[in-house]
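The structure appears below as structure tokens.
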Amino acid sequence: MAKMMSAPRGTRDVMPEDTPAWDRVEGVARDLARLYAFERIEIPLFERVELFARGLGETSDAVEKEMFRVAGAKGSQEEAAPWALRPEPTAGIVRAFIEHGMHVRPGPLRLTLIGPMFRYDRPQAGRYRQFSQWDVEVIGDPGPAVDAELIELGQRFYAEVGLTDAVARVNSIGDGECRPAYRDALIGYFSAHEERLSEDSRRRLRVNPLRVLDDKALPKDLAADAPRGIDHLCDACREHFDAVRGLLDQLGVPYELDHRLVRGLDYYTRTAFEFYVSGREGQQQALGGGGRYDGLVELLGGRATPGIGFGIGLDRTILAMEAQAITLPLRAPLVAILGTGNDHVRRLQIAATLREAGVAVRPDGSSRKLGKQLESAAKAGARWAVIIGEGEALALKDLASGEQRDAVSVEELAMAVSE
Ligand code: AMP
């Protein structure tokens, strides 16, 4: 026997019984994207490494440790290709925004996509090498109203999939004006406690001190006393953040302030947020996250344009739904069409008529005994069976109650199963 192959580490096959949950979360995302006036955009699954390095920052985990590199064909110029699978979509969307001169379109632009992202990380529960995100981006709006609108949108998404206890954690990490002083304050503070920092944090301390704050290994007392971003904001950033919070309060959107929330990527400025459900906390359990990136368009070669967006992790959303045993709407009722002889043409004709009426149909293609056909129809989850009998007379059997009506017309069938 040939050697059995399995899915690559960190990837998963989504089995048919699990796809209703995916349909649900993707459906809610699409409906909300429409209601909030987002337009769909698609970008490649891979881009030049340089785009991510410049956009996300050389010292971000996504670039430094988790870049999933793609090689070109053997012997081609691109054999050692400078490409990587996208770890997140914002850099690619901003690249497309600049490349297609989208700044001339009436803005602000509201863009959305749903699709796979890739990070070459150590796989564990809730952390995969391929995972899906629903992403929204608003480019060309300095806020603060849109910041509150996006946080409300995220909250609404979770509520609609049944995660009513999801809550946003928000913070402001300042901008080019005030962040340098905050960085210095963090470097000063943590340097004095360097021996208590993890190896990772010691390494980050001088290149990216904000990241020390989201190190899970950071001792609690050190974290509690660390300088807080909101105490170091310049006037413009403070006003912006106060306005975002004021809007959230007035809209009745629940949120918590989280002084340790810094997001992992360099491009973020000002408003940063993540979504959690209570009881599932820590880096691995963030269900989604986003923030403002007012410097990114310019950093990638465009003209200075503010932006903000979020990425919601659909895999973790579904895991949280499963943990809360959230029930999904039933599938459309299924009708099986069974026969007693060589009447396959008739089975397919009736199938066609019912499908025209919008009914999901599964004709039995076999000539097995009727009992066997009924058994497999029930196993396939059919709600009804249409049985073609002698002289093509039709019977409709309710597979749940076992009740059977004989001598029904095709029109009656369509009515009965659509009820
Ligand atoms: P991030 O921008 O890293 O905060 O990612 C946004 C969201 O995507 C997270 O809150 C997670 O829900 C999800 N996510 C990120 N990385 C992974 C991963 N390796 N596996 C599964 N979901 C992920």
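For the chain, report the accessible area per residue in Å² (1.4 Å probe, heavy atoms, rounded to an integer).
Working: 20920 Å² over 419 residues.
Normalised by residue count, the accessible surface of the chain is 50 Å².
Ranked by the mean number of other Cβ atoms within 10 Å of their residues, highest first, the peptides 312-319, 6-13 come out as 312-319, 6-13.
Mind checking the log10 I(q)/I(0) for the chain at q = 0.10, 0.13 Å⁻¹? Debye, one equal scatterer per Cα, no solvent, two decimals. Debye curve over Cα of the chain, log10 I(q)/I(0) at q = 0.10, 0.13 Å⁻¹: -0.79, -1.10.
Cβ-Cβ distance of HIS344 and ARG12, R₀ of 41 Å, FRET efficiency by 1/(1 + (r/R0)^6): the value works out to about 0.65.
Tell me the carbon and sulfur percent of the accessible area for the chain, rounded to whole percent, probe radius 1.4 Å. Exposed carbon and sulfur together represent 51 percent of the surface. The residue among SER376, ALA96, GLN349 whose Cα reaches farthest toward the positive pole of the charge dipole of the chain, with charges on the beta-carbon of Lys, Arg, Asp and Glu, is SER376. Report, ordered by chain and residue number, the lysines lying within cross-link reach of LYS220, taken as a straight Cα distance under 29 Å and ignoring same-chain residues fewer than 8 apart. List returned: LYS65. Extension gain for the segment GLU78 to MET415, taken as residue separation times 0.36 nm less the Cα-Cα distance, is 115.3 nm to one decimal. Put simply, the convex hull of the Cα atoms in segment 306-419 casts, on average, a shadow of 11.1 nm². Relative to one another, the C-alpha centroids of segment 7-80 and segment 192-268 are positioned 27 Å apart.
In loop segments of segment 1-110 as defined by DSSP, the GluC sites (Glu not before Pro) with at most 14 further C-beta atoms inside 10 Å of their C-beta are GLU42, GLU58, GLU78, GLU79. Fraction of C-alpha pairs exceeding 16 angstrom in segment 194-239: 42 percent, rounded to a whole number. Protection proxy ranking of 353-362, 404-413, by the mean of other Cβ atoms within 10 Å over each peptide's residues and highest first, is 353-362, 404-413. In this simple spin-label approximation, LYS216 and GLU177 carry label points 7 Å from Cα along the Cα→Cβ vector, and these lie 3.7 nm apart. For GLU298 and HIS100, the difference between the fully extended length at 0.36 nm per residue and the C-alpha to C-alpha distance is 69.8 nm.
Here the translational diffusion coefficient of segment 186-280 follows from Stokes-Einstein with Rh set to the Kirkwood radius across Cα pairs; for 25 °C and 0.890 mPa s it amounts to 165 µm²/s.
Pop the C-beta distance of VAL207 and GLU356 into the FRET formula with R0 = 56 Å and round what comes out to the nearest 0.05. My answer for the efficiency is 0.30.
The values are calculated or read from the model by the stated rules, or taken from the named source; none is laboratory data. Quick caveat, the model's predicted, so the values are computed rather than measured. Cβ sites come from the backbone with ideal geometry, for glycine too, and all protein chains shown count toward neighbours. For the accessible areas, the whole protein counts, side chains as well, though only heavy atoms, and no ligand, DNA or RNA atoms are used. Shrake-Rupley method; radii C 1.70, N 1.55, O 1.52, S 1.80 Å.
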